[in-house]
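The values are calculated or read from the model by the stated rules, or taken from the named source; none is laboratory data. Owing to the predicted nature of the structure, the values given are computational and were not obtained by experimental measurement. Because the Cβ atoms are built from the backbone with ideal geometry, glycine has one as well, and the counts that use them run over all protein chains shown.
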Amino acid sequence: MNHAKFRFPRWLLAGVLGCLSSLSVATGAWAAPAHGIALHGQLKYGPDFPHFDYVNPDAPKGGEARFAAIGSFDTFNPFNIKGEQVVGIGQLFESLLMSSADEPFSEYGLIAESVNVSEDRSSVTFTLRPQAKFHDGSPVTADDVLFSFETLKTKGSPSFRFYYVNVAKAEKISERQIKFTFAPGENQELPLIIGQMPVLSKKYWENRDFAATTLEIPVSSGPYRIEKFEPGRFIVYQRDENYWGKELPVNRGQNNIDRLRYDYYRDANVALEAFKAGAYDLRIENNSKLWATGYDFPALTQGWVKKITFPRQLPAGMQGFAFNLRRPLFQDPKVRQALAYAFDFEWSNRNLFFGQYTRTRSYFDNSELAARGLPSPEELALLEPLRKELPPEVFTAAYEPPTANDDAQLRANFQKALQLLQEAGWVFKDRKLVNAKTGEPFRFELLIAEPTWERIGLPFARNLERLGIEMTVRNVDSAQYENRMRDFDFDMAVNVWGQSLSPGNEQREFWSSAAADQPASRNLSGLKNPAVDKLVEQLVAAPDRASLVTRTRALDRALQWSYLVIPHWHIAYDRLVLWNKFGYPAVTPLQGVQLNAWWIDPAKNAALAGRKVGEQP
């Protein structure tokens, strides 16, 4: 399930994520209750582990951390597709199990004290901790879990329906036990997917409209509560001193900061200036220009502000200019291929990104999951039965996006683009590219929600203009952007498909034909290909790590040669800029920096509070 696999810090980014033959439980016995589950292989942590290796179990508690958000918010319900959810709300809600950040995909007991996969591998049973309770003091029961499953599946966002489609039945066994039975078929992730399900209070939600927006503070069970807020302006979360799960191994050394405040700014430029003025404490910097030149101010040179990078071993995923294949203009793959020749990544990297980026070519770059070279014999065994439904290049070539290291190569790329466009039925007329049959000009819109993308989109538009194509760059506010994306009301947009080390059921929502027609799904491009559908199902059914890698690479090839996007770029580290008040563990785990394990360092915080202009720390 995608939201927990991309487990960055829930306190910073939440709102800004049948055949079980190789499923491992800690004891190695299928019928014995266990403290956790690994998708493939063995769990890293045993039944009596004290804490995760990437935390400081003795981290001090206390202090306040302040962050920025862009836009506005109008709802505390993060589980439907209505409104703009507030940043950080995910930390209020807990799941049966918690993922670890230093394994590809393993989960350990949170609300559930044990998990039991049945002997015949067709079901999973969770036993709840007796001490688990909601903030109103009521216990978390099997009724709450059952209600959560049924409510999320029927009234939640489309992603829940895709994730739970293979769960045939959920039934209460006792007040503290609930059993999920799976539909026939192979689906390695199902017990872990159910383990990630947020558990809601039935008492609170059953008489409320779950499909609506709300600014009523919900009853939840997590380590933080909402202390105060003003809609669209700010929200403050307060650490719950009486949090029921604070001594659990999965929580020890985490949730260290007493108060987390998020202030909303109208745009990124205002937010940057507010950071420099000390209005908030930490930024995850995604803008290469700002990273290189945006922090040349006294606090950095004096050491009060730090720029730090942390390695990241997760797949880079795919970011790119995404085509909407629902638009007739982009239904011909030759057209989509042609437009990629007009994007000059090398120029952008030199002139806009200060040479910081690597060009993305795979949907799983920066990992063993990425397809490279020609298909292996194992991949061919999967691809050959689907040959008629796949682009022929899948079998004959390794995908590489167009490159232009100099003007000569760029001119050659333009020539190749014109050739493909002519083959697709487009001709020049009065210096404009028009449809040979209808005379309609080649014109479309790039939809963005941040001014930053203008400096990247406008040079691309100028290159397209040389081909007779008119691309307008339209920047809209966050609410309009979100609504249009939910309704697939765009021609081209910048999109990111994040990926984990263990891709699985979320790929259905990314690429399946069923998801293409579901509003608010993540099949943004509207891809409908029965071969891709089959490759996704084979990936979901992978019985072990080796087959998962092979099946992911086969899917990757099909996606690469479908020309769904003009690929962008990636880096293999996270860039953080922060006021020097934080402490953090020495270990950066497999899945990258975990801000939830950070703390406010009392000595640093006191020095920062008492600093003078020009004074060295």
Tell me which of these Phe149 doesn't satisfy, since it passes every other one: (1) assigned to a helix (DSSP H, G or I); (2) surrounded by 24 or more Cβ atoms within 10 Å (Cβ to Cβ); (3) of a type in the set (Phe, Trp, Tyr). (2)
Pick from segment 120-140 the residues that are under 10 Å from Arg176 (Cα atoms) and in contact with a helix residue (DSSP H, G or I) (Cβ under 8 Å, 6 or more places away or on another chain): which of them is surrounded by the fewest Cβ atoms within 10 Å (Cβ to Cβ)? Leu128
Restricting segment 163-182 to residues that are farther than 14 Å from Ile194 by Cβ and out of contact with any strand residue (DSSP E or B) (no Cβ under 7 Å at 6 or more places or on another chain), the one surrounded by the fewest Cβ atoms within 10 Å (Cβ to Cβ) turns out to be Ser174
So which pairs qualify, if the first residue must be in segment 289-302 and within 26 Å of Arg455 (Cα to Cα) and not assigned by TED's automatic domain parsing to the domain that holds Thr452, the second must be assigned to a helix (DSSP H, G or I) and of a type outside the set (Lys, Arg), the Cβ gap must be under 9 Å, and the two must be at least 6 apart or on different chains? Lys289/Thr452; Leu290/Ala268; Leu290/Leu272; Leu290/Thr452; Gly294/Leu272; Tyr295/Leu272; Tyr295/Phe275
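If you check Leu190, Leu152, which single one turns out to be within 20 Å of Asn77 (Cα to Cα) and under 27 Å from the mean Cα position of the chain (by Cα)? Reasoning before the result, please.
Values: Leu190 fails: within 20 Å of Asn77 (Cα to Cα).
Residue meeting the stated conditions: Leu152.
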Can you find a residue that is modelled with pLDDT of 95 or more, of a type in the set (Lys, Arg) and more than 27 Å from the chain's Cα centre (by Cα) anywhere in segment 379-387? yes
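Please give the helices (runs of 4 or more DSSP H) falling wholly within segment 511-582 in which 2 or more residues are crowded, with 19+ Cβ neighbours inside 10 Å, under 19 Å from the mean Cα position of the chain (by Cα) and not polar (S, T, N, Q). Lay out the reasoning, then the answer.
Working: elements: 513-516, 530-540, 545-560.
Where helices (runs of 4 or more DSSP H) fall fully within segment 511-582 and carry at least 2 residues being crowded, with 19+ Cβ neighbours inside 10 Å, under 19 Å from the mean Cα position of the chain (by Cα) and not polar (S, T, N, Q), they are 530-540, 545-560.
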Can you tell me how many residues within segment 181-230 are touching an Asp or Glu at 6+ places or on another chain (Cβ under 8 Å) and aromatic (Phe, Trp, Tyr)? 2
Would you say Thr452 is part of a strand (DSSP E or B) and closer than 24 Å to Phe353 by Cα? no
Top-ranked residue in segment 80-109 [being crowded, with 22+ Cβ neighbours inside 10 Å and aromatic (Phe, Trp, Tyr); ranked as nearest to Thr214 (Cα to Cα)]: Tyr108
State which residue is surrounded by the fewest Cβ atoms within 10 Å (Cβ to Cβ) when the search covers only segment 374-408 and only residues that are farther than 26 Å from Leu290 by Cα and of a type in the set (Gly, Ala, Ser). Ala408
Checking the condition at negative phi, in contact with a helix residue (DSSP H, G or I) (Cβ under 6 Å, 6 or more places away or on another chain) and not aliphatic (A, V, I, L, M), which residue from Gly71, Gly90 passes? Gly90
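Could you tell me whether any residue of segment 456-464 is buried (at least 18 other Cβ atoms within 10 Å of the Cβ), more than 33 Å from the chain's Cα centre (by Cα), under 23 Å from Asn351 (Cα atoms) and aliphatic (A, V, I, L, M)?
no
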